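Student: My questions will all concern the structure given below.
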Amino acid sequence: MSSYWLDSIKEKKNFDKIDNDYECDVCIIGGGLTGLSCGYYLSKLGLKVIIVEKDTIGEKASGNTTGKITYQHNLIYDYLIKSYGENYAKAYLHANKEAISNIKTIIDTENIDCDFEYHSNYVYTTNQDEVTKINAEIQALHSLGEDCEFVTSCPLPFKIAGGLVNKSQAQFNSVKYMMGLANSITNNNSLIFCNSTASDFEKNENGYTTFVNNYKVKSSYVIVASHYPFKKLSRILFYKNVSIYILYNSV
Ligand SMILES: Cc1cc2nc3c(=O)[nH]c(=O)nc-3n(C[C@H](O)[C@H](O)[C@H](O)COP(=O)(O)OP(=O)(O)OC[C@H]3O[C@@H](n4cnc5c(N)ncnc54)[C@H](O)[C@@H]3O)c2cc1C
């Protein structure tokens, strides 16, 4: 089954397979939201970027998201304050709020038609016993200086026991957004290759060599944006979704 976002793209942009050895400032492994967002900012700074994607741009996790751009992720703030303290929770909140405005800035600057809309975000329960958790989250948000309200109904066709609503959150078509990022990247002296799998990279005197299909990409820096690590890196544990969440929500 394909996602609504992927189905909504009538003409998919195709990028060639890598066909040669290349040199660049930054080689990015993975063409999802993380890789394309990094590529966008770096190519805008004037760096030559090469993105290598093993399949097609944006068709993995990033093309299958819910498409919401919010700072409310379940009941996160009560948990963060209790587990790591108020400053930590504030940093998380601000990074995510900044992400929403940064995405909007990119959309406006690059004129990306990706169905971006501001909407309220609801977290609700149909279970009366869980309403205390909702209230604790509201208190946590208020203690961080954030506005949010308790509600007893939301725009869903069934009754809820209670919920919270945050205004000024957003949604978009992530695939259309990624196509816009890809356009900007290739317009800024940078390249994207699809069907091009990085099998390894190694550090040398002048930077890095990344092995892609049967070719080499030499670069000063490498960014691994492959969602799951594709090679063993010393001192790095298998960190699954964590790095991705930080990047997606803070660019
Ligand atoms: C069902 C679902 C709903 C979600 N909803 C939301 C949401 O509403 N809002 C939100 O903020 N987040 C949401 N997320 C999380 C968000 O989708 C991910 O955090 C984000 O898309 C990850 O992007 P990524 O670029 O890191 O990974 P991916 O999109 O998976 O991109 C990684 C890319 O790397 C490529 N790759 C892998 N190995 C190699 C290699 N060796 N060589 C070359 N390329 C390689 C892959 O083919 C892939 O294209 C959701 C996630 C899921 C699963």
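Student: What does the helix-only formula give at 222 nm for the chain: each DSSP H stretch with n ≥ 4 adding -39500 (n - 2.57), the total divided by the residues, and the result rounded to the nearest 500 deg cm²/dmol?
Tutor: Numbers: 7 runs with 84 residues, N = 251.
Theoretical 222 nm ellipticity from helices: -10500 deg cm²/dmol.
Student: Let me ask something else about it. Cut-off under 19 Å on the C-alpha distance; same-chain residues fewer than 8 positions from Lys218 excluded. Which lysines are left, in chain and number order?
Tutor: In chain and number order, the partners are Lys17, Lys48, Lys54, Lys203, Lys231.
Student: Could you state the accessible area per residue of the chain in Å², with a 1.4 Å probe and every protein chain left in place?
Tutor: Working: 13990 Å² over 251 residues.
Roughly 56 Å² per residue, with all protein chains present.
Student: What does the net charge come to around Glu86 if you take all other residues with beta carbon closer than 15 Å to its beta carbon, with K and R at +1 and D and E at -1?
Tutor: Values: positive: Lys82, Lys90; negative: Asp78, Glu137, Glu146.
Once all neighbours under 15 Å are counted, the net charge is -1.
Student: Below 20 Å, Cα to Cα, which lysines can Lys167 reach? Residues fewer than 8 away in the same chain don't count.
Tutor: Lys68, Lys90, Lys97, Lys104, Lys133
Student: Roughly speaking, to the nearest percent, how much of region 68-171's 1.4 Å accessible area is carbon and sulfur?
Tutor: Of all accessible area on region 68-171, carbon and sulfur atoms account for 48 percent.
Student: Of all trypsin sites (Lys or Arg not before Pro) in region 1-57, which ones are in loop regions per DSSP and have a Cβ with at most 10 other Cβ atoms within 10 Å? Please report the intermediate quantities before stating the final value.
Tutor: Numbers: sites: Lys10, Lys12, Lys13, Lys17, Lys44, Lys48, Lys54; in loops: Lys10, Lys12, Lys13, Lys17, Lys48, Lys54.
Sites meeting the loop and neighbour criteria: Lys10.
Student: To one decimal place, what Kirkwood hydrodynamic radius in Å is obtained for the chain from all pairs of distinct Cα atoms? Don't skip to the answer; put the middle values down first.
Tutor: Numbers: mean 1/r = 0.0504 Å⁻¹.
Radius from the Kirkwood sum: 19.8 Å.
Student: OK, next. May I ask you to derive the FRET efficiency for Ser168 and Phe211 from their Cβ-Cβ distance with R0 = 51 Å, giving the value to the nearest 0.05?
Tutor: Result of the calculation: an efficiency of 0.70.
The values are calculated or read from the model by the stated rules, or taken from the named source; none is laboratory data. None of these values were measured; they are calculated from a predicted model. Here the Cβ is made from the backbone with ideal geometry for all residues, glycine too, and neighbour counts use every protein chain on show. Calculation scope for accessible area: heavy atoms of the full protein, side chains included, ligands and nucleic acids excluded. Shrake-Rupley method; radii C 1.70, N 1.55, O 1.52, S 1.80 Å.
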